[in-house]
Amino acid sequence: MATTANRQPDGPVKEPDFLHVTRGLRSWLLTLDHKRIGMMYLCGILISLIVGGAFALIVRTELWAPGKLFVSGDTYNNFFTLHGAVMVFLVIIPGIPAALGNIIMPIQLGAPDVAFPRLNLASFYLWVAGALLLVLTIPFGSLDTGWTLYTPYSLETKTPVLIAVSGVFLLGFSSIFTGLNFLVTIHKFRPQGMGWFQLPLNVWAIYATAIMQVLATPVLGITVLLLAVERFAHIGIFDPNMGGDPVLFQHFFWFYSHPAVYIMIIPGMGVISELISTFARKPIFGYRFVAYSSVSLALLSFIVWGHHMFVSGQSRLANMVFSALTFTVGIPSAIKVFNWVATLYKGDIRLKTPMLYALGFLLLFTIGGLTGLFLGILSVDVHLHDTYFVVAHFHYVMMGSTLVAFLGALHYWYPKFTGKMYPESLGQLCSLGVFFGFNLTFLPQFVMGSRGMPRRYWDYDPQYQIFHQLSTIGAYVLGISIFISVVSLFWSFKYGKKAPRNPWGGSSLEWQAPTPPTLYNFENPPVLHELYNYDDLEEIEPDVWVRNTPIEDAPARADAIARQTGAVADHTHGASLKEKAISDVHAKAEEVRAEHKLTETSHGRPVDPAKIDQDFKDAAKVSGAGEVMPTAEKVEEVEAKDKPGSVTQGWDVPEVPSDDKEKK
Amino acid sequence: MKSIIRCLVLAAFVVAAGSASAQPAPQGSGGQTTTGTAGSAAVAPEKGTAPIVPPVSPADKGAAQGTGPEGAQSPGPSTQPTGSPDGAGGSDAGSAANVGSAAGSAAPAGAGSAAPAGAGSAAPAGGQAGVAWYDVLANKPIEESGTFWMPKSVNEAADDSDLMFYSVLALSAIFFFAITIAVVYFAVKYRHRPGHKPQPSAAHNDALEITWTVIPTIIVVFLFWYGWRSYIRVVTPPQKAVEIQVLAWRWNWQFTHANGVTDSDLHVPVNTPVRLVMTSKDVLHSFYAPAMRVKQDLVPRRYTYAWFKATKPGTYRLTCAEYCGTSHAQMACLETDKHTGSCLRRAVVVVHSPGDYERYLADKAANMLNMAPVDLGKLVYEKKGCNACHTVDGSARVGPTWKGSFGTTVPLSDGTSAKVDENYIRESMMAPQAKLHQGYPPSMPSFEGQLKEKEIEGVIEYMKSLK
């Protein structure tokens, strides 16, 4: 390990990591640390995932045979409604942005936290409150409207719609706050030198998502508020019996919920870009096209909501316009898929668990996207609308793509934020289980749908039984795979192997942070490298990667090397002569010291400190600085003095709120 | 990289060819998917040729009458021997009633010219005593033949849309396999192994990227355009069309024909454009006949429209595609399995052979007013959707069972109680929420104006008969 330790960019971590910096339940519940908030989100989301998955399995089990097996009618309606509401509002929408985005995105920016830590905590508690309200509907008779809450049914049903829409309202605000927070963070907390096109694609995706969260979610809030007012005060808004318009509700609802589909999928696309690039050891092909396509998808998503309503009675002109606009969404989606595939070309592909999920995503998203073409074609949609074809299509996009991306991302960053490795073989096995189980569940549903099986039916024509049975078997394979994955991740948190700083050879900034990161993420200012350039990274032992130009811990030395080779940039630009001289000494000394340690340890002999000091002196003489650094401690002292706001790196240290300091 | 481009270019060509030219071969790997028995499927087309003579001659009816004594429930049919040929005056077409309520075996007797359809269809469905010939048709198993993917379209206007479906299916298959092959090929060829290193390649290539932006753009423009054109055909009825009013409520359909005949099965003539004018009484529903490729939401207090021109006589599925609450899955279910609760017979679309539609209108109209009150009540129970919520076997569904309910005293939701007598039943139909049976949801719609006086009496008599 000596070799490793030596070549570890930052050496041993001196500060405690964020998991251990403070202890006790209170320190978690009141934390302002984005990583802890993200981890609390993550736990909530994983629990919701299991609950929502259990509802799905109940639904699928009932569908094993026509007629009633154990739930029917109202009970069945409750279960599919709960499945939809839990999965959409509690799992998929906050899954990648609020949980993994919270944990990773600020670190990818090299920032110590998000812009508004308190708002971040508030949005988490709004999520908790919303989730509790959704759960609270169960003892009050359970919602039976479907997650879409279509009027006038949702105005008439005796089930607790008011509680549910209050929950949705709060969840909406949670989403808005998260989006707002991330927008500001990405705008203001990028380090100097990190322009928009040096942002990791994951950050681009989260940025695009945040735009939608901030602009679209208020419409959801208004819509459910109107629904509540109508139910409560009997003011005719959507109820035709009071002069309202039930189709208007659909417009309002999809004006949010269509962008919501992209709130779900775009972060997934972001992490897939990261995973494919890292595990193929290749820069993402056509970075700018991928980045722009994220933003264009986000913008286009606002103007296609009407394609959910082709048979609702909306005018034919509107249908034509929405159909045309809908097809434009296909273009950036196609670009992304082609770019991802091209990224694999001539790479060095490592089929680790996250990469298996990523490749699975490529195929599933392709199916999800292509089947979207059927539904965009007006005449074909008339036949397929509200059938299992639609069910299968949106599961391919929302689950096959988003959830698979979420699982991939979870495995990818898991070592970083927990400091533990997950069991790799089990992870690979589960990812295959997810892939095949998923396809077995939903491919038959396309056939059922085009044969005319409508959605939300607990009883069906016997001709569909074989497809339903295949689907149910697939659902169990899928459910068990995900369940094992989640359990193994919880298990690894306690018992997993210790994770190195950079287990995958990732190039973005989070891999320079200690594992797990310290309270403010970095002990030393991270050094920007060319994004998605893996030439410097070398795997020195399985799952341990280092940079061959170990410049992270010695900016001065990096500068020296940089100047010598004429490469990169002169980080000491603007420094005084004396500072330059000092940095020269450091550089030289570091080099010598590193060489010695390497050669000596590789021969199994201990390092002689006296020899190092001698090398220092030699180096000082050679550089002509006239100042001798007698000991290694002295070197560190000088470096420490140089670090914050030094000439070497543009490291924006944001203002930290005083109570945030206290938690240290 | 070249291989990808080649694949994509190839795909684009095939797409262009596919959407412009003939229908690609259906992906019929799964073979035939007929649910109906071979026998019933075979019967349907032949029957289409027989009944060219829609007006039923009184003499023949008389003959049918005489030979059908087991159809004893039909009350005095022979007293009205003159049928109205156009079937518009429902009441004076009374003699046709015997055809309806006669036993299956009675119908063939008059088969010479009066009830050829009855002859054709009653035989396989033997034993359906007392079932009208048109209901025998409706009770037949659904016929569906088609490809692995879809039942065959029987709506002329939807042929283009099917062509679009199969074209896009071919296109999708090409793209999907191209991408899958590329991914798998790369993942294998460039897999990590000892000594393997990533090789240098361009990080972007504008020409390539613009190519794969432009190609999908061209494809989707074509898809949109042809989709729009075929959609216009699917939604624009010709000037002359048979118009049928559709009313939906939880959980039944009611189709009202030009002569006032109502039914929960949709009966339509073959090779004739049929236009549906639809609305809903309560929440959203959606009229969906898969074989017609027709789907349209029904919105309360607003009319929506659909049309189709069925090309082949037969019995086809009809479902509700917009979620509408408790019994959405069993909208207009006429018969359920006792053990599983699975629906055995849903409302259907019956496409009649030429002439039979007119006969249906006449017979149905006659039938509805010339039955014994108990039978009429039973018919109303089945056809007006009472059976969606009320059982006659003693079990509770959404509403209380009818069995043995007459004469009992029931608790009401306001704490009082009421005796189930004629007046209570009538009030419960007209103002269901006025005296609500305790423990049941107030979800029953009012039937004010929906039922004729005779029908109301019939329901009361029917309830009395359920001991």
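Figures for the structure shown
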quantity: Complete set of residues in the range A:299-313 that are more than 16 Å from A:G369 (Cβ to Cβ) and assigned to a helix (DSSP H, G or I); calculated: A:L299, A:F302, A:I303, A:W305, A:G306, A:H308
quantity: Residue within the range B:171-178 that is under 21 Å from A:I377 (Cβ atoms), surrounded by 20 or more Cβ atoms within 10 Å (Cβ to Cβ) and in contact with a His (Cβ under 7 Å, 6 or more places away or on another chain) present; calculated: no
quantity: Which listed residue is within 14 Å of chain A (Cβ to nearest Cβ), outside any strand (DSSP E or B) and crowded, with 20+ Cβ neighbours inside 10 Å, from B:W212, B:W225; calculated: B:W212
quantity: Matching option when the condition is within 18 Å of A:I263 (Cα to Cα) and either modelled with pLDDT of 95 or more or within 14 Å of chain B (Cβ to nearest Cβ) (or both), among A:Y388, A:Y396; calculated: A:Y396
quantity: Residue ranges of strands (runs of 3 or more DSSP E) in the range B:273-390 with at least 1 members hydrophobic (A, V, I, L, M, F, W, C) and surrounded by 22 or more Cβ atoms within 10 Å (Cβ to Cβ); calculated: B:273-280, B:285-289, B:294-298, B:304-309, B:333-336, B:343-346, B:348-352
quantity: A:T75 being within 14 Å of chain B (Cβ to nearest Cβ) and either touching a residue at least 60 places away in the same chain (Cβ under 8 Å) or out of contact with any strand residue (DSSP E or B) (no Cβ under 9 Å at 6 or more places or on another chain) (or both); calculated: yes
quantity: Residue identified as surrounded by fewer than 23 Cβ atoms within 10 Å (Cβ to Cβ), within 11 Å of another protein chain (Cβ to nearest Cβ), touching a residue at least 40 places away in the same chain (Cβ under 8 Å) and of a type in the set (A, V, I, L, M, F, W, C) among A:L426, A:L375, A:L356; calculated: A:L375
quantity: Of residues in the range A:316-342 being among the β-branched types (V, I, T) and more than 7 Å from chain B (Cβ to nearest Cβ), the one farthest from B:R233 (Cα to Cα); calculated: A:V329
quantity: Of residues in the range A:44-66 being surrounded by fewer than 19 Cβ atoms within 10 Å (Cβ to Cβ) and among the small types (G, A, S), the one modelled with the lowest pLDDT; calculated: A:A65
quantity: Qualifying positions in the range B:227-264 - touching a helix residue (DSSP H, G or I) at 6+ places or on another chain (Cβ under 6 Å) and either aromatic (F, W, Y) or within 19 Å of B:T311 (Cβ to Cβ) (or both); calculated: B:W228, B:S230, B:Y231, B:R233, B:V234, B:W251
quantity: Subset tally (residues that are within 14 Å of chain B (Cβ to nearest Cβ) and at negative phi) for the range A:133-165; calculated: 16
quantity: When residues of the range B:228-247 are limited to those that are among the polar types (S, T, N, Q) and more than 30 Å from B:Q450 (Cα to Cα), the one farthest from the other protein chains (Cβ to nearest Cβ); calculated: B:T236
quantity: Unmet criterion (only one of (1) within 9 Å of chain B (Cβ to nearest Cβ); (2) crowded, with 23+ Cβ neighbours inside 10 Å; (3) not basic (K, R)) for A:Y345; calculated: (2)
quantity: Selected residue (only one of B:S264, B:S280 is of a type in the set (G, A, S), in contact with a strand residue (DSSP E or B) (Cβ under 9 Å, 6 or more places away or on another chain) and away from every other protein chain (no Cβ under 14 Å)); calculated: B:S264
quantity: Subset of the range B:309-333 that is among the β-branched types (V, I, T) and facing chain A (nearest Cβ under 7 Å) - its residue that is farthest from B:D135 (Cα to Cα); calculated: B:T326
quantity: Number of the exception - A:V434 against (1) farther than 25 Å from B:G325 by Cβ; (2) among the β-branched types (V, I, T); (3) within 14 Å of another protein chain (Cβ to nearest Cβ); calculated: (3)
quantity: Criterion violated by A:A111 - all others in (1) part of a helix (DSSP H, G or I); (2) among the aliphatic types (A, V, I, L, M); (3) touching an Asp or Glu at 6+ places or on another chain (Cβ under 9 Å) satisfied; calculated: (1)
quantity: B:W228 among the aromatic types (F, W, Y), farther than 30 Å from A:V341 by Cβ and free of Cβ contacts under 8 Å to residues at least 12 places away in the same chain; calculated: yes
quantity: Flag if B:W253 is of a type in the set (F, W, Y), buried (at least 19 other Cβ atoms within 10 Å of the Cβ) and not in a helix (DSSP H, G or I); calculated: yes
quantity: Any hit, the range A:314-327, residues being in a helix (DSSP H, G or I), under 21 Å from B:R301 (Cα atoms) and of a type in the set (D, E, K, R); calculated: yes
quantity: Filter result for A:Y292 (part of a helix (DSSP H, G or I), within 11 Å of chain B (Cβ to nearest Cβ) and at pLDDT 90 or above); calculated: yes
quantity: Pair list, Cβ under 6 Å, 6 or more apart: the range A:166-188 residue over 25 Å from A:T137 (Cα atoms), other residue aromatic (F, W, Y) and in a helix (DSSP H, G or I); calculated: A:I186/A:Y207
quantity: Pick from the range B:181-209, criterion among the small types (G, A, S), more than 7 Å from chain A (Cβ to nearest Cβ) and not in a helix (DSSP H, G or I), ranking: farthest from A:A334 (Cα to Cα); calculated: B:G195
quantity: Conditions (1) under 21 Å from the mean Cα position of the chain (by Cα); (2) within 14 Å of another protein chain (Cβ to nearest Cβ); number of the one not met by A:W511; calculated: (2)
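The values are calculated or read from the model by the stated rules, or taken from the named source; none is laboratory data. Treat the numbers as computed from the prediction; the structure is a model and nothing was measured. As a convention, Cβ positions derive from the backbone with ideal geometry for all residues, glycine included, and neighbour counts pool all protein chains shown.
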